[in-house]
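A quick write-up on the structure given underneath.
Please treat every number below as a calculation from the coordinates, not as lab data. Predicted model, so just to flag it, every value in this text is computed and none were measured. Because the Cβ atoms are built from the backbone with ideal geometry, glycine has one as well, and the counts that use them run over all protein chains shown.
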Amino acid sequence: MKIVVCIKQVPDTAEIKINPETNTLMREGVPSIINPFDLHALEAAVRLKEQRTVRVTVLTMGPPQAEGALREAISLGADDAVLLSDRAFAGSDTWATSYTLAKAISTIGADIVLCGKQAIDGDTAQVGPETAEFLDIPHISYVRKIESVEDTMIKVQRLMDEGYDVVQSSLPVLLTVVKELNIPRMPSIRGILQSKKCEIRTLGKDDINADENDLGLKGSPTQVKNIFAPESTAEKKMIEGTAEEKVESLLGELKKIKCL
Amino acid sequence: MDYFLNENQQIIRDLARRIADERVMPVRAELDEKGEFPWDIMRTIAQSDMMAINIPTEYGGLGMGGFEFILAVEELSRACLGVSTTFAANALGTYPILLYGSEKQKKKYLPDIASGKRLVAFALTEATAGSDAAGVQTTAKLEGNEYVLNGTKQWITNGGEAEIYTVIAMTDKNRGARGASAFVVEKDTPGFSFGKKEDKLGIRASSTRELVFENCRIPKENLIARQGMGFIVAMKTLDKSRTGVGAQGVGVAQGAFDASALYAKERHQFGTPVISFQAVQHMLANMATEIEAARSLVYSVSRYVDGGAKDVSKESAMAKLFATDVAMKVTVDAVQVMGGSGYMKEYPVEKMMRDAKILQIYEGTNQIQRNVIGQSLIKETAKKK
């Protein structure tokens, strides 16, 4: 069985600053990490490897320095890594990114594709499901538990606002996962040694049989006009006092606005 | 100070540090309070290959040395001595097999030990046999193809949690120290049970228990080395493991120093951070100097042991003695630097002070270490004549 885990190298938002003039992330000097949700996807793949014969390939699209994220994924138990990197991919929105990833996954081959539910820098949660659409395979989002995996079938729990759904799908399938799925492991010494010497395969536009018009900025229907922080207009009120007093006045306030 | 660690050594130190920071520190106070065995952390440590470090590659290990192992011990000790004691006692219990086990025994046990699938414990101490290791009363009598064990071991680290026990028992009481033998006893062997679980001052996350043998029959092939070699196996095991206890001392001292130095910088009295007072600075200066001296000695001895030195009793005793005396002094001083806060459970140094005390006691009290050093000095001076 082949599993592809899609990961994204993102700036560590714990350390991030926003440029007040352009409202964009200031990436300079900010440490890069693997998108935290993707670590849960990788952990799920590595745990499946412990149960059955599985080859786990980790895939990322990004500049050459994204290799660091791939090597870290190897140290956490992935078998091999593919870097999708080409000048033609620059400026991709979620549509073009999904198209490119889908082309790469078709080239690599996969029974299960695992993604984090969203990246902590863009927060769109679009790339996973869109990639499944381009691959023309089913997808299940917000997976909180993998119940069982068979050769042609998978059964998972999908996290919902109130409880969860049990969803069964044929393979191949794409899953996006939430952090409730597992606790990602620490790297192993063997994994780190392996990650330092392993070869990272790089794929460019010519390797994945992609239509150039669908790649990068040219293939991106999204045009960013302006980025801004929405102004908060809601009325605010701070409730003070002891715990009892706070509860009392909160109840009063909620009743006043007919919430209760 | 830079100790010129090679790439593998840096990888191990950094990974152990990360496990200590992310997985041990957040739970250490709770483990201490509840006296709870750190199974989750042990699984993380195993999954990270930390238990494979000094097991040869042919038995599923990484084939590295004792020095690489003590780097991991030091980092874990910086966060919690209860956790590092559990980890180090696992290695202690493994040494008899590693040093004297038959090919068959190594093949049977070492792969599971390296992967962390089975924990190990070393059982020498008894009610009548502490510093006087020759006072062992537990007997092992050969009957056909089996040894029959009877007796009670006391204060055994990892007792009850470990699945593999290396046990010293008397096969011939009349021969004194030469009548002892070493055995492997597996958990769940009929006649092998666990007694009282101790309630301790410190290292409360680690398990300390009695092992009770009542007509416990084990296969003859579980004898380690030859009959009568038990004390040699035990002494060589302790020679190997002492630098690990030294590394525990360095680690806990560093942890206490870091906490107290940080506090001294943030705590203001008389309108200024207390670290600006010379009285506090001098305490911190002494602590930092002693820690570095201890680390230098422990690292040097560990590298000396790995280098294949034949007799390491004196040097490993020196490393254990010095580093653990430093640990006791530094943790006491860390509490003093932090004053009332240091005494409170809100901060980690009171626990470190309680934990550190055991280092001067177990695996040979520091008085016994001085005896070992003294006896070596007598031999050395005799040779010089």
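Per residue of chain B, what 222 nm ellipticity follows from adding -39500 (n - 2.57) for every DSSP H run with n ≥ 4, rounded to the nearest 500?
It lands at -17500 deg cm²/dmol.
Using a 10 Å cut-off around each Cβ, can you sort B:Leu76, B:Leu119, A:Leu135, A:Leu39 from fewest to most neighbouring Cβ atoms?
Ranked by crowding around the Cβ, least crowded first: A:Leu135, A:Leu39, B:Leu119, B:Leu76.
Per Stokes-Einstein, at 20 °C and 1.002 mPa s, what whole-number D in µm² s⁻¹ belongs to chain A, with the Kirkwood radius over Cα pairs as the hydrodynamic radius?
Working: Rh = 20.2 Å.
Reported coefficient: 106 µm²/s.
Along the charge dipole of the range A:134-260, which of A:Ile257, A:Gln157, A:Gly204 sits closest to the positive end, that is, farthest toward it, with unit charges on the beta carbon of Lys, Arg, Asp and Glu (+1, +1, -1, -1)?
So the residue furthest toward the plus end is A:Gly204.
Report the paramagnetic label zone for B:Arg175: residues of the range B:129-157 whose backbone N is under 14 Å from a point 7 Å from Cα along the Cα-to-Cβ axis.
Hits in the range B:129-157 for B:Arg175 at 14 Å: B:140-142.
Rounded to the nearest 5, what is the percent of antiparallel bridges among the DSSP beta bridges in the range A:2-214?
40 percent
Using 7 Å Cα-to-Cβ label points, what is the B:Glu214/B:Thr128 separation (nm, one decimal)?
2.0 nm
Per residue of A:183-191, what is the mean number of Cβ atoms on other protein chains within 10 angstrom of that residue's Cβ?
6
Apply 1/(1 + (r/R0)^6) to the Cβ-Cβ distance of A:Glu28 and B:Gln137, taking R0 = 45 Å, and write down the FRET efficiency to the nearest 0.05.
In this case the efficiency is close to 0.05.
Got a sec? How would B:Ile113, B:Ile275 order by Cβ neighbour count within 10 Å, fewest to most?
Ascending Cβ contact count within 10 Å gives the list B:Ile275, B:Ile113.
Using the beta-carbon distance between A:Ser148 and A:Leu260 and R0 = 51 Å, what value does 1/(1 + (r/R0)^6) give for FRET efficiency, to the nearest 0.05?
Working from the Cβ atoms, E equals 0.75.
Can you give the helix-only mean residue ellipticity at 222 nm for chain A, where every DSSP H stretch with n ≥ 4 adds -39500 (n - 2.57) and the sum goes over all residues, rounded to the nearest 500 deg cm²/dmol? Don't skip to the answer; put the middle values down first.
Working: 6 runs with 72 residues, N = 260.
The helix contribution divided over chain A gives -8500 deg cm²/dmol.
Given Cβ point charges of +1 (Lys, Arg) and -1 (Asp, Glu) and nothing else, what value in debye, to the nearest 20, does the dipole of the protein assembly as shown about its Cα centre take?
Values: 79 positive and 85 negative charges, 552 e Å.
Rounded to the nearest 20 debye, it is 2640 debye.
Expressed in whole Å with the largest first, what are the equivalent ellipsoid semi-axes of the protein assembly as shown derived from the C-alpha gyration tensor as the square root of 5 times each eigenvalue?
Gyration-tensor ellipsoid for the protein assembly as shown: 52, 33, 25 Å.
Would you mind computing, in nm to one decimal, how far apart the modelled labels at A:Gln51 and B:Leu262 are, each placed 7 Å from Cα along Cα→Cβ?
Spacing of the two 7 Å Cα→Cβ label points: 3.9 nm.
Run through the DSSP bridge list for the range A:1-111 and note the antiparallel percent, rounded to the nearest 5.
If we restrict to bridges inside the range A:1-111, about 35 percent are antiparallel.
How do A:Ser92, B:Ser115 rank when sorted from fewest to most other Cβ atoms within 10 Å of their own Cβ?
Values: A:Ser92 23, B:Ser115 16.
With the fewest neighbours first, A:Ser92, B:Ser115 line up as B:Ser115, A:Ser92.
If the label point is 7 Å along Cα→Cβ of A:Lys218, which residues in the range A:96-136 have backbone nitrogen under 18 Å from it?
A:96-101, A:103-104
Tilt of helix B:278-306 relative to the longest C-alpha principal axis of chain B, in degrees (0 to 90, nearest 10)?
Approximately 30 degrees, to the nearest 10.
Once both axes come from the Cα atoms, what is the angle between helix B:313-343 and the longest principal axis of chain B, in degrees from 0 to 90, rounded to 10?
Compared with the principal axis, the helix lies near 40 degrees.
For chain A, list the DSSP H helices whose alpha carbon atoms reach 18 Å or more along the long axis and whose average Kyte-Doolittle value is 0.0 or above?
Result, helices passing both filters: A:94-108.
Find the percent of Cα-Cα distances in the range B:167-224 that exceed 20 Å, and round it to a whole number.
When all Cα pairs of the range B:167-224 are counted, 41 percent exceed 20 Å.
Any idea what angle helix B:81-100 forms with the longest principal axis of chain B, computed on alpha-carbon atoms, 0 to 90 degrees, nearest 10?
30 degrees
Among DSSP beta bridges whose residues both lie in the protein assembly as shown, state the antiparallel percentage, nearest 5.
On the way: 48 of 78 bridges.
Among the beta bridges of the protein assembly as shown, antiparallel pairing accounts for roughly 60 percent.
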